[in-house]
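So the structure is just underneath, and the comments pick up after that.
The values are calculated or read from the model by the stated rules, or taken from the named source; none is laboratory data. Bear in mind that the values here come from a model prediction, so they are computed numbers and not experimental data. Here the Cβ positions follow ideal geometry from the backbone for every residue, glycine too, while neighbour counts run over all protein chains shown.
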Amino acid sequence: MTFTPIMAFAFIALTFMVGDYIALKTRGVVSTFITAIVVFILFGSVFKLIPSNIMELSGLTALIPTFGMVLILTNLGSTLDLNELRREWRTILVSLGGVIGIVVLCFTVGQLLFGREQALASIAPISGGIVATMISSDAANAAGRTDIAAFVSAIMAIQIMIGLPIASFCLKKAANNFVKKGLHKTAGTGTGRRIDLRLLPRTPKSLDVPTAHFARLAIVGAVAQVVASLTGVNATICYLLFGALCGAVGIIEKNSLKAAGGDGIMLLATYAYCSMSFVTMTFSQFAEILAPVLGLLIVGAVGVVIFSSLVGLLFKWDPFLSIATGISCMFGYPVTYAVATEVVTGTTFGKDFTPEEESRLTDYLLPKMLIAGVTSVSVVSVILAGIIAPMIF
């Protein structure tokens with residue numbers, strides 16, 4: 001049977017739909033990408049029921065290197081809440097400590113055990129999510145190293161299996177320690193004065209249409225691209241910075257890609273772009289990369305535990321809370337939200353907690369997990385990917 005572009009698109013969309021469903025039912029333990037890897041290897045290499053160029057045939061992968069990455073990164077910058085970041089500055093530093101731990105141990109122990117290319121390629125995906133993986137995969141594919149592209153995608157698919165159990169265990173310990181000290185009975189201090197940098201009025205209804213959001217986002221991305229080329233500053237940093245500043249002052253609305261209705265297709269294109277290598281990969285080849293994938297994830301997790309704990313000590317944080325905050329880079333939102341709320345429910349359910357006391361425990365855990373995930377997954381890992389990717393090959 002000859003695959004047409006729409007058939008290729010339908011197969012890819014269906015695969016990730018099933019992956020999302022399984023991820024939802026398993027609460028993220030079996031990630032969307034794990035399901036996709038199995039499907040693409042099975043239908044691609046084993047049964048050869050889909051063409052090896054199915055990703056290109058669908059047209060999805062053409063979006064990313066042309067304009068998709070610019071829109072995604074600029075939009076990502078616009079979603080940053082500067083007030084939340086200011087309020088949780090300690091959380092940001094603890095999260096950064098965890099990422100530094102990943103960098104240090106992967107550059108040292110990781111290189112020693114698994115070689116330079118795999119160790120360096122693993123840093124950004126371990127520290128973040130799909131965008132960092134996309135940047136790393138792009139560099140690998142450009143260098144003709146589809147094996148490394150598959151490697152970094154496998155790291156993203158499997159890292160939640162390492163990070164989530166550690167986070168859940170540590171959050172439970174931190175919650176119990178918080179309750180034992182009676183801190184849930186003590187009211188916290190205020191959040192401080194809110195900073196509003198917005199200069200332009202809200203988008204009027206006449207311009208609150210997809211084309212207008214796309215146009216404004218693209219213009220900001222284009223300006224950031226020009227600035228990057230003229231100054232030599234890393235393009236990834238420019239996209240994030242211009243997105244954050246223009247989102248804050250109102251030149252673009254926060255999360256313009258969603259307002260334009262383009263977030264779904266861009267996410268699917270990103271998934272497809274990071275999955276290209278698996279269509280021609282066999283299960284035996286995938287099994288060969290599992291050892292370094294798991295090994296480097298463990299090395300990265302050890303780095304997070306050590307360095308986030310050390311930074312947390314400076315602020316007299318519970319070490320378990322520091323570790324949970326740091327390790328959130330391995331799964332990000334919405335898992336950060338889910339694991340924090342589940343721990344709060346498990347700690348308070350059936351016990352003599354007032355709504356105010358439960359709220360204080362939630363305020364102790366949830367904002368830290370959310371901000372840590374945003375810091376590492378959405379910002380730091382993306383910048384790291386832009387810096388490290390050119391160093392790999």
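Let me confirm something: among 109, 94, 38, which residue is over 27 Å from residue 260 (Cα atoms), over 19 Å from the mean Cα position of the chain (by Cα), touching a residue at least 24 places away in the same chain (Cβ under 8 Å) and assigned to a helix (DSSP H, G or I)?
None of the other options fit; the residue is 109.
Kindly indicate whether residue 325 is at pLDDT below 90 and either in contact with a Leu (Cβ under 8 Å, 6 or more places away or on another chain) or part of a helix (DSSP H, G or I) (or both).
no
Kindly indicate whether any position in region 90-97 is in contact with a Phe, Trp or Tyr (Cβ under 7 Å, 6 or more places away or on another chain) and under 25 Å from residue 391 (Cβ atoms).
yes
Just need a number here: residues in region 57-95 that are at pLDDT 90 or above and among the charged types (D, E, K, R).
Counting residues in region 57-95 that are at pLDDT 90 or above and among the charged types (D, E, K, R) gives 1.
So, in region 343-366, how many residues would count as being modelled with pLDDT under 85 and under 22 Å from the mean Cα position of the chain (by Cα)?
Residues flagged as modelled with pLDDT under 85 and under 22 Å from the mean Cα position of the chain (by Cα) within region 343-366 amount to 0.
Residue 86 fails exactly one of the following numbered conditions: (1) under 22 Å from residue 134 (Cβ atoms); (2) surrounded by fewer than 16 Cβ atoms within 10 Å (Cβ to Cβ). What is the number of that condition?
Just one mismatch for residue 86, condition (1).
Residues in region 317-346 that are surrounded by fewer than 21 Cβ atoms within 10 Å (Cβ to Cβ) and polar (S, T, N, Q): how many?
So the answer is 2.
Exactly one condition in (1) at pLDDT 85 or above; (2) of a type in the set (Gly, Ala, Ser); (3) over 27 Å from the mean Cα position of the chain (by Cα) is false for residue 372; which is it?
In the conditions (1) at pLDDT 85 or above; (2) of a type in the set (Gly, Ala, Ser); (3) over 27 Å from the mean Cα position of the chain (by Cα), residue 372 misses (3) alone.
When the residues of region 212-248 are filtered to those that are in contact with a helix residue (DSSP H, G or I) (Cβ under 6 Å, 6 or more places away or on another chain), at pLDDT below 90 and not hydrophobic (A, V, I, L, M, F, W, C), which remaining residue is nearest to residue 258 (Cα to Cα)?
Ranking the candidates gives 236 first.
Looking at (1) crowded, with 18+ Cβ neighbours inside 10 Å; (2) out of contact with any Gly (no Cβ under 6 Å at 6 or more places or on another chain), find the lone condition where residue 350 falls short.
Condition not satisfied by residue 350: (1).
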